[in-house]
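Please read the structure below before turning to the comments.
The values are calculated or read from the model by the stated rules, or taken from the named source; none is laboratory data. Predicted model only: the values in this text are computed from it and were never measured. Glycine gets a Cβ as well: all are built from the backbone with ideal geometry, and neighbour counts include every protein chain shown.
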Amino acid sequence: MIWLWIGAPVTIAAYVAFVRLHARRRSLLTLPILASSVLLAAVLSTRLGDLGAYERGTMPLRFLLGPATLALAVPLARRRALLRAHLRAVLAVAVGAIVGALSAMLLSRAVGLSPTLVATITPKSVTTPIAMPIAERLGGVPTITAAIVVLVGVFGAAVGPWVLDRLRVQGDVARGLAMGTAAHGVGTAQSLREGETRGASAGVAMVVAGVVTAVIAPFIVR
């Protein structure tokens with residue numbers, strides 16, 4: 001039960017520690033969102049872990065997901081002129097959202113997963129507050145969807161910048177839109193750390209991808 005009281009402080013402390021480490025030694029292994037998640041998962045998987053108590057203990061952090069998402073409107077508003085100038089690229093996010101949902105559905109069916117799991121996995125590329133209602137509406141399991149969304153976001157935030165570097169994508173708007181489309185909220189947070197323009201672009205992509213996925217997911221699954 002100790003995790004009920006230390007869950008949130010330990011989570012924050014782990015993240016801050018890796019932020020400082022990453023600032024001194026930049027590496028995929030020290031990326032804060034990835035390293036802190038792996039460390040906490042490893043500790044919780046031991047005898048000292050109590051996942052239920054940890055989940056209850058981190059409720060304040062999960063509550064802050066909503067305000068944190070809304071706060072992304074600030075850099076978005078500051079960069080609205082720049083985003084209007086790249087309206088075509090912003091609209092292209094809709095294509096990325098469709099590809100993300102369609103590929104998840106097709107791969108799930110290809111490996112023989114049940115209709116329930118197909119519905120659970122299809123909204124994997126949108127932020128948790130949007131993905132869970134979509135999964136429930138499709139007949140999936142929202143709690144599993146939430147876990148998959150987090151894993152996709154962490155993986156995208158960790159690997160996305162490396163992939164974009166190898167593809168020589170350097171534009172702030174392009175990188176932000178790519179991260180927001182592929183890695184939703186976690187990717188947006190990572191982009192915001194790299195610059196306000198990237199964060200604002202990622203925030204736009206996250207919202208557009210969420211809306212598009214909510215609209216087209218029922219048709220894709222059916």
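For the reader, a short list of remarks on this structure follows.
- Count of the range 184-201 residues which are in contact (Cβ under 8 Å) with a residue 40 or more places away in the chain and under 22 Å from Met132 (Cβ atoms): 6
- Residue ranges of helices (runs of 4 or more DSSP H) in the range 79-193 with at least 2 members touching an Asp or Glu at 6+ places or on another chain (Cβ under 9 Å) and at pLDDT 80 or above: 142-166
- The range 183-212, residues that are buried (at least 24 other Cβ atoms within 10 Å of the Cβ) and hydrophobic (A, V, I, L, M, F, W, C): Ala183, Val186, Ala200, Ala202, Val204, Ala205, Met206, Ala209
- Subset of the range 151-177 that is of a type in the set (A, V, I, L, M) and without any contact (Cβ under 8 Å) to a residue 40 or more places away in the chain - its residue that is surrounded by the fewest Cβ atoms within 10 Å (Cβ to Cβ): Leu167
- Of all residues in the range 54-75, one or more are at pLDDT below 75, touching a helix residue (DSSP H, G or I) at 6+ places or on another chain (Cβ under 6 Å) and within 21 Å of Thr197 (Cβ to Cβ).
- Any hit, the range 115-128, residues being among the polar types (S, T, N, Q) and in contact with a Lys or Arg (Cβ under 7 Å, 6 or more places away or on another chain): no
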